[in-house]
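As C-alpha cells, the structure follows; a few thoughts come after it.
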Amino acid sequence: MTRRGLLIILSSPSGAGKSTLARGLRDWDANIRFSVSATTRAPREGEVDGKDYAFISEPAFKSMVREGQMLEHAHVFGHFYGSPRAPVADAIEAGADVLFDIDWQGAQQIANSPMAPHVLSIFLLPPSISELRRRLEGRGQDSAEVIAKRMTRSWDEISHWDSYDYVLINDDLEKTAEQLRTIVTAERLRRTQQPGLLDQVRVLQSEFEDGS
Ligand code: ADP
Ligand code: 5GP
C-alpha cells in the first residue's frame with residue numbers, strides 16, 4: 001500500500017453546505033468513499049436506502065451498537081445515527097479515504113479512537129445566520145417547523161467549531177470546494193499516511209552506505 005486512507009470528517013450546522021461540498025469532493029476523486037450512516041429516522045422524499053442512509057429500526061440500531069459494529073453513534077434531532085465500522089475498515093485497507101457527514105459528537109468519538117492519527121476533521125461555518133436560514137429555506141426540503149428546529153440546534157453545533165483541525169467559512173461555494181481539495185491533497189502527504197516511506201528510506205540508506 002503506497003497510501004493509507006484518511007478518515008475525513010465534515011461537520012457543520014445543518015444548511016451550511018456539507019452535503020453539497022461532500023458530493024463535490026467525491027466527484028473530484030473517486031478514491032474518496034462516503035460512509036453511509038445508519039439512522040432510525042424515516043427517509044425523506046428522494047432518499048434512497050443504502051445510499052443516503054441505511055434506514056433501520058431502533059432495536060436493530062441498538063443491537064449494532066451493543067455488538068460494537070458502530071465506529072461512533074449519537075442521538076440527533078430525536079433519532080439515532082451511527083457510522084458502521086466494517087465499510088470504513090475495508091476502505092482504509094484498500095487505500096481509499098472515507099468521508100463522514102456527521103455531527104460534533106461523532107467527530108469527537110472518532111477523533112478519540114485508535115484511528116486518531118488518520119483523522120482529518122473539517123468544520124464549515126456559514127457566512128451569517130441569516131444566510132444559513134436562507135439556505136435551509138432555499139433547499140426546500142423541510143417544513144417551517146423542521147427548519148425552526150434545525151436553526152435552534154445550529155448554535156449547539158457551531159459551539160464545537162474549535163475542536164476541528166480546519167474551519168472554513170462557506171461563503172463562496174467554488175472557493176470552499178477548492179480549499180477542501182487543497183486540504184485533502186496536503187493531508188494525504190502526512191508521514192502517517194504513507195506506509196511505504198520506511199522502505200523508501202531504507203533503499204536510500206543502503207544506496208548511501210554503498211557509496212553510490
Ligand atoms: P447541509 O448538508 O450542511 O445541510 P446542503 O449542502 O444541503 O447543507 O446546503 C444547503 C443549501 O445551501 C443547498 O441548497 C445548497 O445548494 C446551498 N449552498 C451550499 N453552499 C452554498 C454557498 N456557498 N452559497 C450559496 N448556497 C450554498
Ligand atoms: P439529517 O437527518 O439532516 O440527514 O442529519 C442530521 C444530523 O445528523 C446532521 O448534522 C448529520 O451530520 C448528523 N449525522 C448523520 N449521520 C450521522 C452519523 O452517522 N453519526 C453522527 N454522529 N451524526 C450523524
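The values are calculated or read from the model by the stated rules, or taken from the named source; none is laboratory data. On a predicted model such as this, the values are computed, not experimentally measured, just so you know. Neighbour counts are summed over all protein chains in view; Cβ atoms, including those assigned to glycine, are modelled from backbone coordinates with ideal geometry.
Among the residues of the stretch 149-186, the ones that are within 15 Å of ligand 1 (Cβ to nearest atom), within 18 Å of residue 21 (Cα to Cα) and part of a loop (DSSP other than H, G, I, E, B) come to 4 in all. Assess whether residue 125 counts as being crowded, with 16+ Cβ neighbours inside 10 Å, closer than 24 Å to residue 43 by Cβ and either within 16 Å of ligand 1 (Cβ to nearest atom) or among the β-branched types (Val, Ile, Thr) (or both). Answer is no for this residue. Annotation: of all residues in the stretch 90-104 being surrounded by 14 or more Cβ atoms within 10 Å (Cβ to Cβ) and more than 12 Å from the chain's Cα centre (by Cα), the one that is farthest from ligand 2 (Cβ to nearest atom) is 95.
So, residue 30, is that one surrounded by fewer than 21 Cβ atoms within 10 Å (Cβ to Cβ), at pLDDT below 95 and of a type in the set (A, V, I, L, M) or not? Against the criterion (surrounded by fewer than 21 Cβ atoms within 10 Å (Cβ to Cβ), at pLDDT below 95 and of a type in the set (A, V, I, L, M)), residue 30 qualifies. Residue 132 meets the conditions (1) aliphatic (A, V, I, L, M); (2) away from ligand 1 (no atom under 14 Å from the Cβ); (3) touching a Pro at 6+ places or on another chain (Cβ under 8 Å) in every case but one. The failed one is (2). Among the residues making up the stretch 16-36, those that are of a type in the set (A, V, I, L, M, F, W, C), touching a residue at least 40 places away in the same chain (Cβ under 8 Å) and more than 12 Å from ligand 2 (Cβ to nearest atom) are 21, 25, 28, 32.
If you filter the stretch 132-155 down to residues that are surrounded by 13 or more Cβ atoms within 10 Å (Cβ to Cβ) and of a type in the set (Asp, Glu), you find that the one that is farthest from residue 100 (Cα to Cα) is 137. Is one or more of the residues making up the stretch 131-146 of a type in the set (A, V, I, L, M) and under 18 Å from residue 22 (Cβ atoms)? Yes, the stretch 131-146 contains at least one residue that is of a type in the set (A, V, I, L, M) and under 18 Å from residue 22 (Cβ atoms).
Of the candidates 10, 25, 6, the single residue that is within 17 Å of residue 125 (Cβ to Cβ) and buried (at least 18 other Cβ atoms within 10 Å of the Cβ) is 10. Report yes if some residue within the stretch 109-124 is on the phi > 0 side of the Ramachandran plot and out of contact with any His (no Cβ under 6 Å at 6 or more places or on another chain); otherwise report no. For the stretch 109-124, residues on the phi > 0 side of the Ramachandran plot and out of contact with any His (no Cβ under 6 Å at 6 or more places or on another chain): absent. When the stretch 13-22 is filtered for residues that are among the polar types (S, T, N, Q) and surrounded by fewer than 21 Cβ atoms within 10 Å (Cβ to Cβ), the ones remaining, listed by number, are 19, 20.
Considering every residue within the stretch 37-51, establish whether at least one is in a strand (DSSP E or B) and within 12 Å of ligand 2 (Cβ to nearest atom). The answer is yes; a qualifying residue exists.
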